[in-house]
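Peer 1: Below you'll find the structure I mean.
The values are calculated or read from the model by the stated rules, or taken from the named source; none is laboratory data. Being a predicted model, the structure only gives us computed values, none of them experimental. Here the Cβ positions follow ideal geometry from the backbone for every residue, glycine too, while neighbour counts run over all protein chains shown. Areas reflect the complete protein model, heavy atoms only, side chains present, ligands, DNA and RNA absent. Shrake-Rupley method; radii C 1.70, N 1.55, O 1.52, S 1.80 Å.
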Amino acid sequence: MRAGDIAEPYPVVGLDTPALEAARLIARDRLPGLVVTRSDGTPKAVLPASEVVRFMVPDYVQDDPALAGVLGEVPVQQITARLQRATVADLVSARPVELAVLNTDDTVVELAAIMARLRSPLCAVVDGTKILGVVTAARLLELVCGDDLG
């Protein structure tokens with residue numbers, strides 16, 4: 001079985017997409033993350049949902065989690081405002097990282113290996129430079145474990 005055989009249609013966002021729109025897409029569809037594309041439609045990054053959550057928490061609180069208890073409940077409006085002021089480009093790491101992308105003819109083992117090595121919740125599958133679809137970790141586990149998960 002090849003990556004192209006199990007890739008599924010999946011939403012993608014551009015670097016200029018508002019961060020709040022991306023966060024709402026992740027929340028609405030309960031996605032593990034999103035594929036971020038360049039202006040030409042080629043994959044640029046995988047944006048895990050955990051990175052969106054990380055962006056919502058100010059750096060100084062991440063550096064000293066005890067501050068979270070001191071600050072108390074931050075109104076949801078403040079978190080929303082932080083996302084409203086940002087784009088997906090602000091959420092994607094500036095440092096170059098290897099992208100979880102495979103070709104349609106790569107094997108399921110290659111798929112699992114890249115997802116494991118990069119700790120990515122999903123992998124874009126491309127045919128040349130065009131995104132064919134995505135394989136999520138949940139889809140990969142479903143394939144490996146079979147339908148009898150009960």
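Peer 1: Please list, in chain and number order, the residues 5+ apart from T17 or on another chain whose amide H is under 5 Å from its amide H, with Hs placed from the backbone.
Peer 2: Hits under the 5 Å cutoff: V88, A89.
Peer 1: Express the carbon and sulfur contribution to the solvent-accessible surface of the chain as a percent, rounded to the nearest whole number, probe 1.4 angstrom.
Peer 2: 54
Peer 1: Hey, could you pull the Cα Rg and Dmax for the chain, both in Å?
Peer 2: For the chain, the Cα radius of gyration and maximum Cα-Cα distance read 17.0, 52 Å.
Peer 1: Calculate one ³J(HN,Hα) per residue across region 4-12 by plugging θ = phi - 60° into the Karplus curve 6.51 cos²θ - 1.76 cosθ + 1.60, and present them in order as whole Hz with x for glycine and proline.
Peer 2: x, 6, 10, 5, 10, x, 7, x, 10
Peer 1: Please tell me the relative contact order of the chain in percent, rounded to the nearest whole number, where contacts are Cα pairs under 8 Å and at least six residues apart. It would help to have the intermediate numbers written out before the result.
Peer 2: Values: 215 pairs, mean separation 49.8, N = 150.
Worked out over the chain, it gives 33 percent.
Peer 1: Continuing with the same structure: Could you give the size of the charge dipole of the chain about its Cα centre, using +1 on the Cβ of each K and R and -1 on the Cβ of each D and E, expressed in debye and rounded to the nearest 20? Write out the running numbers ahead of the final one.
Peer 2: Working: 14 positive and 20 negative charges, 70 e Å.
Using Cβ point charges on Lys, Arg, Asp and Glu, the chain gives about 340 debye.
Peer 1: Let me ask something else about it. What does DSSP give for the chain in terms of the percent of beta bridges that are antiparallel, rounded to the nearest 5?
Peer 2: Expressed as a percentage, antiparallel bridges in the chain total about 70.
Peer 1: Once amide H atoms are placed 1.01 Å from N in the peptide plane, what residues at a sequence separation of 5 or more from G133, or on another chain, have their amide H within under 5 Å of its amide H?
Peer 2: Hits under the 5 Å cutoff: V125.
Peer 1: Something else about it: Please list 3J(HN,Hα) in residue order for region 114-129, calculated via the Karplus relation 6.51 cos²θ - 1.76 cosθ + 1.60 where θ = phi - 60°; whole Hz, with x for glycine and proline.
Peer 2: With coefficients 6.51, -1.76 and 1.60, one gets 5, 5, 5, 5, 8, 6, 9, x, 7, 9, 7, 10, 10, 10, x, 10 Hz.
Peer 1: Using only helices, what value at 222 nm comes out for the chain when you add -39,500 (n - 2.57) per DSSP H run of length 4 or more and divide by the total residues, to the nearest 500 deg cm²/dmol?
Peer 2: -11500 deg cm²/dmol
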